[in-house]
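Single-structure report; data block below.
The values are calculated or read from the model by the stated rules, or taken from the named source; none is laboratory data. Here the structure is a predicted model, which is why all the values come from computation and not from measurement. Note: ideal-geometry Cβ built from the backbone for every residue, glycine included; neighbour counts use all protein chains shown.
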């Protein structure tokens, strides 16, 4: 992910983004940022992910002898994690 202010890369699991209950600050430009899911990307990918799960991954998991119930949660979590983006959280100036 890149900072919306300075375009420097920041990892999703970096110290700057994993401060619970506190304001997230870019370590490079020191401006406020927030992590949020990219809803457009989720909307675009939800159908291909569902079809891949239904016709490819679930039958494979069942053929290996596992229950196919938990795999949907894994797919959902991966879709959410990979769709995360950084947005500016700076107060509006008027």
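Observations, loosely collected:
- Enumeration of residues in segment 1-51 that are surrounded by 13 or more Cβ atoms within 10 Å (Cβ to Cβ), within 20 Å of residue 73 (Cβ to Cβ) and more than 16 Å from the chain's Cα centre (by Cα): 50
- Test: residue in segment 61-74 that is within 30 Å of residue 15 (Cβ to Cβ) and loosely packed, with under 15 Cβ neighbours inside 10 Å: yes
- Evaluation of residue 28 against the conditions (1) part of a loop (DSSP other than H, G, I, E, B); (2) modelled with pLDDT of 85 or more; (3) touching a strand residue (DSSP E or B) at 6+ places or on another chain (Cβ under 8 Å) shows that the sole unmet condition is (3).
- Residue 94 out of contact with any strand residue (DSSP E or B) (no Cβ under 8 Å at 6 or more places or on another chain), modelled with pLDDT under 90, exposed (fewer than 12 other Cβ atoms within 10 Å of the Cβ) and in a loop (DSSP other than H, G, I, E, B): yes
- Residue pairs meeting the criteria (Cβ under 7 Å; at least 6 apart or on separate chains; first at negative phi and touching a residue at least 40 places away in the same chain (Cβ under 8 Å), in segment 58-84; second assigned to a helix (DSSP H, G or I) and surrounded by 12 or more Cβ atoms within 10 Å (Cβ to Cβ)): 83/41; 83/42
- Some residue of segment 81-89 being touching a helix residue (DSSP H, G or I) at 6+ places or on another chain (Cβ under 6 Å) and at pLDDT 90 or above: yes
- Taken as a whole, the structure places residue 49 among residues that are in contact with a helix residue (DSSP H, G or I) (Cβ under 7 Å, 6 or more places away or on another chain) and touching a residue at least 24 places away in the same chain (Cβ under 8 Å).
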